[in-house]
Amino acid sequence: MGQRGDLWSEIIKSEEEDSFGDIPKIEAVYQRRNRPEKSSTAADLNRSCSVKGAPTNLINGPKRYSWARSLSTRGRESIAVRAYVNNQPQKKPARRKKPAIPKGKVVKAPDFQEEKEYFRDVDAFELLEESPSPNKSSTWTMGEQVVSEMPHLSTRFEKWLISKKFNRASGPSSTLSKIFENSAARLEPICDDEASESLALKTPEKSSASNTSVFRLIPSCDNSLAAEDVPVIKIKTEAIDLEDELKQLSLTSDLISTHLDFDKSFLDLLSACGQIKPSNFLEAFSKFCEPESIVKIGEGTYGEAFLTGPSVCKIVPIDGDFTVNGEVQKRADELLEEVILSWTLNQLRDSETEAQNSCPAFIKTHDIKVCQGPYDPILVKAWEEWDAEHSSENDHPDFPEKQCYVMFVLEHGGKDLESFVLLNFDEARSLLVQVTAGLAVAEVAFEFEHRDLHWGNILLSRNNSSTLPFILEGKQVSIKTFGIQISIIDFTLSRINTGEKILFLDLSSDPYLFKGPKGDKQSETYRKMKAVTDDYWEGSFARTNVLWLIYLVDILLTKKSFERSSKNERELRSLKKRMEKYESAKEAVSDPFFSDMLMDQIS
């Protein structure tokens, strides 16, 4: 401490002397450092007095290295001592120069965009809590997100949106749209149609108003959209519980998965039948009869006919990948056309005076349903009982679970011509005039051609009516029936123009149809049709109807037995010869053979 006190004494003493020091003292400092004796500049003196840790502005005082270390240990950098301050401007140390940039090269500033995007994604990412609990919104398994079931209402709507996206051509669910209409739903405009298809529906938020549900729709294509910027749809339900209404819909997971399995033709077929999913047989039959009373009454190449109370059900398997009765199953699009055609011909049964064309000649269609599943045991039993009595030519109905069918529920039109017993020539004439007039009316109304009018597709029944009303091109006429009435059935091969679309079956894809035995009246008629149409089955060729009328005359002459005279046979042969000249049923109905059968003349 004494030594330190002496040092301060010396400093104070030097200040009082008010002297900058003698040159000899400075020389003595240089002598102690063993510097060569020479004249030095002020800058050299300043540099020579610089010691690490010592103040650089003390240039004239005696150097005390112990003093410098003492200050540094106290955390000091320098001490302002007026006697030793050099007020001359000091030169700044030279900075290290950067290497020159070569000519022709441009050095870009560092780009941290990638890092910024990374941290932005990290900030935007919502880390879901890991938990094996099923109550959590989602879990993570082996790097993949496993999303648990969404809340009930949201899931229903999401399935509807998914089905709408996959079945864009068929449009949205009419049932759901109906609910919105009945609920006076009002959707506030939010975006265009394309944007709405990519919306991911979130769980609904109940608003304070009791009759309004608020749904926030977040576009999945723009994750950067802030929650407050997301458009909101408000659906005003007016005291109708939307969730209860949705429970009544058939928008279940099974239905959605079923729809995804079916193609557009099948879905169109369902729509034409007024269904959103296939029915089972008992469900369909129970609307028309007691299932236990079902009896088989007939069969065809493509299906079976069962009596169900006052109606007849024709069941046709479709879309299977195996043959039935030796034939490839019909496709849904083929049956779709027959369904539409059946409903169209139903319009001809309207006999109001305002109708331009009307007739009761075509079978009345009560209903048409699409069914799925194996044959019900009740149907199998009915089939086996009929087989035991009539020796069926069809395969036993062993169908798989996924087999689909179209079931036509028709008016009971009686027995087919093949099995019906005609009593006399008048009944034969009544058969011919009713078939001819019916074809004529359908020709004029819809350019209709049956194209398969063999004796199995004409049903006959007896009644007490003596006449039947027909309207052809606005003119009313009554036809004598002699107590029988005919019904034309089976429009599988038929062609019709509904006014919006031409429905037909392209028979060129079924060459086997034209390879029947020579001399057989039915096979020969198919081949004659092929020649008339030149294998262009979409076109309108009313002459094909005349070919089947000629076939019927041949059947009456060769296959049917009834009371008749030789004169009656000559009249039938003359009719056949004249029909060879007609180009349509409309022309044929004016033949003299029918003149006394018509109450009013058709011109």
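The values are calculated or read from the model by the stated rules, or taken from the named source; none is laboratory data. Values in this document were obtained by computation on a predicted structure and should not be read as measured data. Cβ coordinates were reconstructed from backbone atoms using ideal geometry, including for glycine residues, and neighbour counts include every protein chain displayed.
For region 429-511, please list each of the strands (runs of 3 or more DSSP E) lying entirely inside it that holds at least 3 residues being of a type in the set (Phe, Trp, Tyr).
No strands (runs of 3 or more DSSP E) qualify here.
Here is a yes/no grid of residues against (1) of a type outside the set (Asp, Glu); (2) under 23 Å from Ser311 (Cβ atoms):
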residue: Glu427; (1), (2): no, no
residue: Gly438; (1), (2): yes, yes
residue: Glu447; (1), (2): no, no
residue: Arg451; (1), (2): yes, no
residue: Trp455; (1), (2): yes, yes
residue: Ser461; (1), (2): yes, yes
residue: Asn464; (1), (2): yes, yes
residue: Glu473; (1), (2): no, no
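With the checklist (1) at pLDDT 85 or above; (2) surrounded by 16 or more Cβ atoms within 10 Å (Cβ to Cβ); (3) more than 25 Å from the chain's Cα centre (by Cα) in hand, flag the one item Phe288 doesn't pass.
Unmet for Phe288, out of (1) at pLDDT 85 or above; (2) surrounded by 16 or more Cβ atoms within 10 Å (Cβ to Cβ); (3) more than 25 Å from the chain's Cα centre (by Cα): (1).
Please give the number of the condition Lys381 fails out of (1) of a type in the set (D, E, K, R); (2) in contact (Cβ under 8 Å) with a residue 12 or more places away in the chain; (3) surrounded by fewer than 17 Cβ atoms within 10 Å (Cβ to Cβ).
(2)
Given (1) in contact with an Asp or Glu (Cβ under 9 Å, 6 or more places away or on another chain); (2) closer than 13 Å to Trp548 by Cα, identify the lone condition not met by Lys402.
Here Lys402 meets the rest and fails (2).
List the number of the failed condition for Thr492; all other conditions in (1) over 19 Å from Leu410 (Cα atoms); (2) at pLDDT below 95; (3) buried (at least 19 other Cβ atoms within 10 Å of the Cβ) hold.
Result: Thr492 passes all but (1).
Taking Ala361 as the residue in question, decide whether it is out of contact with any Leu (no Cβ under 7 Å at 6 or more places or on another chain), farther than 24 Å from Phe285 by Cβ, surrounded by 22 or more Cβ atoms within 10 Å (Cβ to Cβ) and touching a residue at least 60 places away in the same chain (Cβ under 8 Å).
yes
Could you tell me whether any residue of region 427-445 is in contact with a His (Cβ under 9 Å, 6 or more places away or on another chain), of a type outside the set (Asp, Glu) and more than 24 Å from Arg573 (Cβ to Cβ)?
yes
Can we say Ser265 is modelled with pLDDT of 50 or more and closer than 19 Å to Asp367 by Cβ?
no
For Leu468, indicate whether it is at pLDDT 95 or above and not β-branched (Val, Ile, Thr).
It is false that Leu468 is at pLDDT 95 or above and not β-branched (Val, Ile, Thr).
Give me the helices (runs of 4 or more DSSP H) completely within region 513-603, filtered to those with at least 1 residues that are within 22 Å of Trp455 (Cβ to Cβ) and not hydrophobic (A, V, I, L, M, F, W, C), ordered by residue number.
521-533, 543-558, 566-579
Residues checked against (1) at pLDDT below 95; (2) in the same structural domain as Ser561 (by TED's automatic domain parsing); (3) in contact with a Gly (Cβ under 8 Å, 6 or more places away or on another chain):
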position: Gln356; (1), (2), (3): yes, no, yes
position: Cys404; (1), (2), (3): no, no, yes
position: Ser419; (1), (2), (3): yes, no, no
position: Leu431; (1), (2), (3): no, yes, no
position: Ala437; (1), (2), (3): no, yes, no
position: Trp455; (1), (2), (3): no, yes, no
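Restrict the check to region 307-321 and report whether at least one residue is touching a His at 6+ places or on another chain (Cβ under 6 Å), in contact (Cβ under 8 Å) with a residue 40 or more places away in the chain, of a type in the set (Val, Ile, Thr) and not assigned by TED's automatic domain parsing to the domain that holds Asp490.
Scanning region 307-321, I find at least one residue that is touching a His at 6+ places or on another chain (Cβ under 6 Å), in contact (Cβ under 8 Å) with a residue 40 or more places away in the chain, of a type in the set (Val, Ile, Thr) and not assigned by TED's automatic domain parsing to the domain that holds Asp490, so the answer is yes.
Among the residues that make up region 509-524, is at least one of them touching a residue at least 60 places away in the same chain (Cβ under 8 Å) and crowded, with 17+ Cβ neighbours inside 10 Å?
Yes, region 509-524 contains a residue that is touching a residue at least 60 places away in the same chain (Cβ under 8 Å) and crowded, with 17+ Cβ neighbours inside 10 Å.
Search region 573-603 for residues being of a type in the set (A, V, I, L, M) and farther than 21 Å from Thr525 by Cβ, and hand back the single one that is surrounded by the fewest Cβ atoms within 10 Å (Cβ to Cβ).
So the residue we want is Met599.
When region 548-572 is examined, which residues are found to be surrounded by fewer than 13 Cβ atoms within 10 Å (Cβ to Cβ) and not hydroxyl-bearing (Ser, Thr, Tyr)?
Passing the criteria: Lys559, Glu563, Lys567, Arg570.
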